[in-house]
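Everything on this sheet refers to the single structure shown next.
The values are calculated or read from the model by the stated rules, or taken from the named source; none is laboratory data. These numbers were taken from a predicted model, which means no experiment stands behind them. As a convention, Cβ positions derive from the backbone with ideal geometry for all residues, glycine included, and neighbour counts pool all protein chains shown.
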Amino acid sequence: MKEFQERTKVKRKKRSKILLLFMFLIFIFLTRGAFSAYTKERDSRVEVGRALKEKDILDKRYQIISEQSDSLKSDIGIESEIRNKFDVAKEGEGVIVIVDKDMPIIEEDNRGVLKRFWDSVRGVFSPSQKE
């Protein structure tokens, strides 16, 4: 009887080790599935945040474009857009040029073409001035 009891103890120990291993494997599979679901949820949360930011940008752009569209429906808006893009003036309008007093006035070169060419050739072959 003692032999039988010892054999059953050994079998129980073997079964308990196998059962523990089996339970550990089940635990690994369950945690892997839970971790996978967590990472997918986190990625989707990040993606939703990115999509909301992009939606805000597109809403602002839509608002700007609709305002520009509304302004182009009037004659004043069309005129201002043409003036901005093509640099034109109405008939009878003049142009005002504002010049800074400190800027040097560049004088026009009145020499002939041959004289300018000869001066540039002489400049190449003349000895350079050391500073």
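In this structure, is residue 61 free of Cβ contacts under 8 Å to residues at least 24 places away in the same chain, within 33 Å of the chain's Cα centre (by Cα), surrounded by 10 or more Cβ atoms within 10 Å (Cβ to Cβ) and in a helix (DSSP H, G or I)? Answer is yes for this residue. Just one of (1) over 30 Å from the mean Cα position of the chain (by Cα); (2) surrounded by fewer than 10 Cβ atoms within 10 Å (Cβ to Cβ) fails for residue 85. It is (1). Once the stretch 100-116 is narrowed to residues that are over 52 Å from the mean Cα position of the chain (by Cα) and surrounded by 10 or more Cβ atoms within 10 Å (Cβ to Cβ), the residue that is modelled with the lowest pLDDT is 111.
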